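J.: Structure provided below as structure tokens; questions to follow.
No lab work stands behind these numbers, since they all come straight from the coordinates. The model shown is predicted, which means the values in this text are computed figures rather than measured ones. Here the Cβ is made from the backbone with ideal geometry for all residues, glycine too, and neighbour counts use every protein chain on show.
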Amino acid sequence: MPKLKTRKAAAKRLRVSGNGKIMHRKTFRSHLLEHKSSARKRRLAGMAVVNERDAANVRLMLPYL
């Protein structure tokens, strides 16, 4: 069987946690930060779990997680 190709765009944006959950960076943290409160920016700093409805599609994009 041929090897499956990884979607490189997805591989750069998504990681797998120790428990096997797919994690992504939170949105609204890349620019226009001046007017956002410090608390809001701290809240957006971490990683978030990919929605369970999207997880199956992500697994197809990243076959060797």
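J.: Which is farthest toward the positive dipole end of the chain among GLY18, HIS35, PRO63, measuring Cα position about the Cα centre, with Cβ charges +1 (Lys, Arg) and -1 (Asp, Glu)?
T.: HIS35
J.: What list of whole percents do you get for P(r) of the chain, with Cα-Cα distances grouped in 5 Å bins up to the one holding the largest distance?
T.: Spelled out per bin, shortest first, that is 3, 16, 23, 19, 14, 12, 7, 4, 1, 1, 0.
J.: Amide H of THR6: which non-local residues (sequence gap of 5 or more, or other chain) have their own amide H closer than 5 Å, using H built in the peptide plane?
T.: The answer is none.
J.: Something else: At 0.36 nm per residue, and after removing the present C-alpha to C-alpha distance, how many nm does the segment from ALA39 to ARG59 gain when stretched out fully?
T.: Between ALA39 and ARG59, full extension yields 3.9 nm more.
J.: Let me ask you something else. For the chain, state which trypsin sites (Lys or Arg not before Pro) are in a DSSP loop and have at most 10 other beta carbons lying within 10 Å of their beta carbon.
T.: Qualifying residues, ordered by number: LYS3, LYS5.
J.: While we're looking at this one, here's another question. Whole-Hz ³J(HN,Hα) for each residue in the range 5-21, computed from phi via Karplus 6.51 cos²θ - 1.76 cosθ + 1.60 with θ = phi - 60°, x for glycine and proline: what do you get?
T.: 8, 8, 6, 5, 4, 6, 5, 6, 9, 10, 10, 10, 6, x, 8, x, 7
J.: Quick one: helix 52-61 against the long Cα principal axis of the chain, what's the angle to the nearest 10°, folded into 0 to 90?
T.: 50 degrees
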